[in-house]
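First the structure, in the form of structure tokens, and then the observations on it.
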Ligand SMILES: Nc1ncnc2c1ncn2[C@@H]1O[C@H](COP(=O)(O)OP(=O)(O)OP(=O)(O)O)[C@@H](O)[C@H]1O
Ligand SMILES: [Mg+2]
């Protein structure tokens, strides 16, 4: 998978996430790369909806991570304040990565060396004019193998 979609509104960004949900299998990792306020959490809200999560998804920034139950459990990690896999393990978040059951969505994955490489799907969001965002979706090197 390698495609680019323009999201003109937050609702369109959510829709992109919702449309990704059926392509997600257990133990897949999705990395969300993009600047502050670009819509990473907004996309995860849609992903959660598509995974039939009924809780309201909020940014995990201050808690680092949250877990939601749906068709598949959704682990939502914000790695903004984490810099190594060791640090991730120290705060217990390595338990939210495969082989743990569920889908794991990671905001700021590039902060932790190794996360982007182990991702099945990589979403790159760029800010365009006005409210528009360019959203690139690609299968990571493990896509389709898990
Ligand atoms: N086209 C769009 N797609 C997504 N969000 C948009 C769009 N246009 C405006 N917004 C607004 O931009 C903000 C995106 O916030 P969101 O929390 O999803 O970003 P984020 O990338 O997770 O930020 P952070 O890096 O702080 O976690 C929201 O306030 C949303 O309403
Ligand atoms: Mg966010």
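The residues of segment 1-27 that are in contact (Cβ under 8 Å) with a residue 40 or more places away in the chain, within 13 Å of the chain's Cα centre (by Cα) and either loosely packed, with under 14 Cβ neighbours inside 10 Å or near ligand 1 (Cβ under 10 Å from one of its atoms) (or both), listed by number, are 13, 16. Filtering segment 28-68 down to residues that are within 7 Å of ligand 1 (Cβ to nearest atom) and modelled with pLDDT under 85, which residue is surrounded by the fewest Cβ atoms within 10 Å (Cβ to Cβ)? Filtering first and then ranking leaves 61. The listed residues are 133, 71, 124, 81, and the only one of them that is surrounded by 18 or more Cβ atoms within 10 Å (Cβ to Cβ) and out of contact with any helix residue (DSSP H, G or I) (no Cβ under 6 Å at 6 or more places or on another chain) turns out to be 133. The residues of segment 102-115 that are at pLDDT 90 or above and more than 16 Å from ligand 1 (Cβ to nearest atom), listed by number, are 102, 103. Before we move on, is residue 26 more than 14 Å from ligand 2 (Cβ to nearest atom), over 17 Å from residue 108 (Cα atoms) and part of a loop (DSSP other than H, G, I, E, B)? Criteria met by residue 26. With the condition kept exactly as written, say whether any residue in segment 33-54 is closer than 24 Å to residue 8 by Cα, touching a helix residue (DSSP H, G or I) at 6+ places or on another chain (Cβ under 8 Å) and in a strand (DSSP E or B). Yes; the residues of segment 33-54 include at least one that is closer than 24 Å to residue 8 by Cα, touching a helix residue (DSSP H, G or I) at 6+ places or on another chain (Cβ under 8 Å) and in a strand (DSSP E or B).
The values are calculated or read from the model by the stated rules, or taken from the named source; none is laboratory data. Since the model is a prediction, treat every value here as computed from it, not as a measurement. Please note: Cβ atoms are built from the backbone with ideal geometry, for glycine as well, and neighbour counts cover all protein chains shown.
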